[in-house]
Amino acid sequence: MVAPPLRTAFRLAFIGAVLLNSGASAAQDGRAIFRPLLADPHEPGFFATYLFARTSHLAPRIGSVGLGQTIELVDARDPSWQLALSAGVFSQFDMASSTNHLMNTDYIIGVPVSGRWGARSARLRVYHQSSHLGEEFLDGGVVRRQLLSFEALELLFADELANWRIYGGGEYRFQHTPDDLAPVVAHAGLEYGGRASLLRLGRAGHGRLVAALDAKSFEDRGWQVGWSLKTGLSFETAPGDESDGPHWGIMLTAYRGPTPYGQFYRENLSSVGLGVELKL
């Protein structure tokens, strides 16, 4: 378990990242050396999703909310590389309860270093995650607190061909609680980003089709794979526009495998849902 002063420092760092974002430019999809992963459940971003879930101990209907951003700190174009700060808070709510009480919150903060060579790119990231069980959910006595916390080193490589991107790599959790947590995670995925406008909503922008499949295999779960699928319309001010400014999307999501919610990481989850995303 991370000591309280260190945990407080991580939370203050996240708040600082949000404040910095109000006065500095973020690493947008179009500018980022290594673009954010579309279907990774723990990629920092802003979203709200309503899920219908099947699991042993969690709610049958879950509200999943994310608040986060990757912020460019140092950027060079010859050669192309970037140093950034990424931070995110991911919370899940029991939508089947009378009070929609909080189930779990994951705090993530990291320092990614990215590089690009033509159509190929890579991201090396050191990051921390700590997970906390909602008090109302804990009071129900359904599950016991897991005390999940770790620091990890992640390395991902990606290659792009036309509208497609494939990526792969993994991470090693070099410091973790509980002590018996197996540290290796293999990670791969495939993404598609259409260029043609399929729907126009006036000033709200032009919607293009995007789709992604993300897969993580956990040593701690006997290499069981967590499959995350996402598809929908990503809206920009003009077809293919990648300039700075808010973008948004409507996404269908599906997940099957080890629960991506920290306090329940040794549970299984199957879910489908509909959500809205915002990129600042």
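For (1) surrounded by 15 or more Cβ atoms within 10 Å (Cβ to Cβ); (2) more than 24 Å from residue 165 (Cβ to Cβ); (3) modelled with pLDDT of 95 or more, each residue gets a yes or a no:
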site	(1), (2), (3)
212	yes, no, yes
230	yes, no, yes
240	no, no, no
250	no, no, yes
263	yes, yes, no
266	no, yes, no
271	yes, yes, yes
275	yes, no, yes
Residue identified as in a loop (DSSP other than H, G, I, E, B), closer than 28 Å to residue 225 by Cα, small (Gly, Ala, Ser) and at pLDDT 90 or above among 39, 48 | 39
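Here is a yes/no grid of residues against (1) of a type in the set (Val, Ile, Thr); (2) at pLDDT below 95; (3) under 30 Å from residue 56 (Cβ atoms):
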{"site": "95", "(1), (2), (3)": "no, yes, yes"}
{"site": "102", "(1), (2), (3)": "no, yes, yes"}
{"site": "108", "(1), (2), (3)": "yes, no, yes"}
{"site": "111", "(1), (2), (3)": "yes, no, no"}
{"site": "143", "(1), (2), (3)": "yes, yes, yes"}
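Please determine whether any residue of region 61-83 is of a type in the set (Lys, Arg), over 23 Å from residue 177 (Cβ atoms), in a strand (DSSP E or B) and modelled with pLDDT of 90 or more. Steps first, please.
Filtering region 61-83 for residues of a type in the set (Lys, Arg) gives 61, 77.
From what is left, the residues that are over 23 Å from residue 177 (Cβ atoms) are 61, 77.
The next check asks that each one be in a strand (DSSP E or B); those that pass are 61, 77.
Filter once more, so that each one left must be modelled with pLDDT of 90 or more: 61.
The answer is yes, given that some residue of region 61-83 is of a type in the set (Lys, Arg), over 23 Å from residue 177 (Cβ atoms), in a strand (DSSP E or B) and modelled with pLDDT of 90 or more.
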Could you give every pair whose Cβ atoms fall below 6 Å, whose first residue belongs to region 177-191 and is free of Cβ contacts under 8 Å to residues at least 60 places away in the same chain, and whose second residue is buried (at least 16 other Cβ atoms within 10 Å of the Cβ) and acidic (Asp, Glu), counting only separations of at least 6 or pairs across chains?
-> 181/220; 182/219; 182/220; 184/219; 185/171
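For region 162-244, list the strands (runs of 3 or more DSSP E) that sit wholly inside it and hold at least 2 residues that are touching a Pro at 6+ places or on another chain (Cβ under 8 Å) and not polar (S, T, N, Q); which are they? Write out each step before concluding.
Values: elements: 164-177, 184-193, 206-218, 224-236.
The qualifying strands (runs of 3 or more DSSP E) are 164-177, 206-218.
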Considering 208, 200, which residue is more than 20 Å from residue 89 (Cβ to Cβ), charged (D, E, K, R) and touching an Asp or Glu at 6+ places or on another chain (Cβ under 8 Å)?
-> 208
Quick one: count up the residues across region 185-198 that are within 18 Å of residue 163 (Cα to Cα) and of a type in the set (A, V, I, L, M, F, W, C).
-> 4
Close pairs from region 213-233: first within 19 Å of residue 272 (Cα to Cα), partner among the basic types (Lys, Arg) and at pLDDT below 95, Cβ under 9 Å, at least 6 apart | 233/208
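Just give me the residues in region 113-141 being small (Gly, Ala, Ser) and either within 22 Å of residue 259 (Cα to Cα) or modelled with pLDDT under 90 (or both), in sequence order. Don't jump to the end; show me each part of the working.
Taking region 113-141 and keeping what is small (Gly, Ala, Ser), we get 114-115, 118-119, 121-122, 130-131, 134, 140-141.
Scanning region 113-141 gives 130, 131, 134, 140, 141.
The values are calculated or read from the model by the stated rules, or taken from the named source; none is laboratory data. This is a predicted model, so every value here is computed, not measured. Don't worry about glycine lacking a Cβ; one is built from the backbone with ideal geometry, like all the others, and counts go over all protein chains shown.
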